[in-house]
Amino acid sequence: MSPKTKKNCIVPLNLPPGDLRLRVDPEGNTLVFDPLRRKEVILTPEEWVRQHFVAFLTSHLGYPPALMANEVGVNLNGLSRRCDTVVWNRADASPLVIIEYKAPTVEITAAVFDQIARYNMVLRARYLIVSNGLRHFCCRLNPETHTYTFLPELPPYSSL
């Protein structure tokens, strides 16, 4: 681990190991290549979770990388925010899934769900996922009844 990498960044997660491309730049920052953004970014605990989670979705659950994006800009009540990952519907290119990541040391609480729900007021995705790399939650929204159901596991893309 480089001196500029946040302490406890590289920790075991409750995800299959991802094939991540890491390197240390001349300034001593540990960088990870993000295949969705097609660039290297500084490795933080949240980025560690994001890259493993995206690798899991694409390698194990059939999520098409071409229909995914990281750090998607959202205008929320006049404020510019970034949604961690958005997965689009193949049929009509509408947002289908939005994902919020936290560092492994951050507990998944109601506040995390409030954050992703605010993003969804703009995006109107059918599925919401939150993960800190250790615990993952997915809920499916019913647009007719404005209710949601927590799913027992993360669904493959083909069943969305």
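Rounded to the nearest 10 degrees, the inclination of helix 110-123 to the longest alpha-carbon principal axis of the chain is 70 degrees. Across 131, 59, 80, mean-square fluctuation computed from a Gaussian network of the chain (C-alpha pairs under 10 Å connected) peaks at 80. Within the shell of other residues whose beta carbon sits under 14 angstrom from the beta carbon of residue 144, the net charge comes to +3, with Lys and Arg scored +1 and Asp and Glu -1.
With just the Cα atoms defining each centre, how far is the stretch 89-112 from the stretch 125-160? Give it in Å. Between the Cα centres of the stretch 89-112 and the stretch 125-160 lies a distance of 9 Å.
Taking the helices alone, the chain has a mean residue ellipticity at 222 nm of -6000 deg cm²/dmol, built from -39,500 (n - 2.57) per DSSP H run of at least 4 residues and averaged over all its residues.
Compared with the dominant principal axis of the Cα atoms in the chain, helix 45-60 is inclined by about 60°.
In the Gaussian network model of the chain, springs joining C-alpha atoms below 10 Å, which of 11, 97, 86 carries the largest mean-square fluctuation? Checking each option, the largest mean-square fluctuation is seen for 11. Here the stretch 1-126 is assigned +1 on the Cβ of each Lys and Arg and -1 on the Cβ of each Asp and Glu. Its dipole about the Cα centre then comes out at about 140 debye.
Of all DSSP bridge pairs formed entirely within the chain, close to 85 percent run antiparallel. Place a point 7 Å from Cα of residue 148 in the direction of its Cβ. Which residues in the stretch 78-93 have their backbone N less than 16 Å from it? Of the residues in the stretch 78-93, 83-87 have backbone N under 16 Å from the label point off residue 148.
When the chain is treated as a Gaussian network with alpha carbon springs shorter than 10 Å, the biggest mean-square fluctuation among 120, 142, 89 belongs to 142. Calculate the FRET efficiency for residue 118 and residue 19 from the Cβ-Cβ distance with a Förster distance of 25 Å, rounded to the nearest 0.05. The value I calculate is 0.15.
Basic side chains Lys and Arg get +1 at the Cβ, acidic Asp and Glu get -1 at the Cβ, and with that the dipole of the stretch 55-120 about its Cα centre reaches some 100 debye.
Per residue, the solvent-accessible area of the chain (1.4 Å probe, heavy atoms of protein chains only, all protein chains present) comes to 56 Å².
On the chain, 52 percent of the accessible area sits on carbon and sulfur atoms, based on a 1.4 Å probe.
The values are calculated or read from the model by the stated rules, or taken from the named source; none is laboratory data. Note that this is a predicted model, so its numbers are computed, not measured. Neighbour counts run over all protein chains shown; Cβ positions are idealised from the backbone, glycine included. Side chains are part of the model used for accessible areas, which takes the heavy atoms of the whole protein and leaves out ligands, DNA and RNA. Shrake-Rupley method; radii C 1.70, N 1.55, O 1.52, S 1.80 Å.
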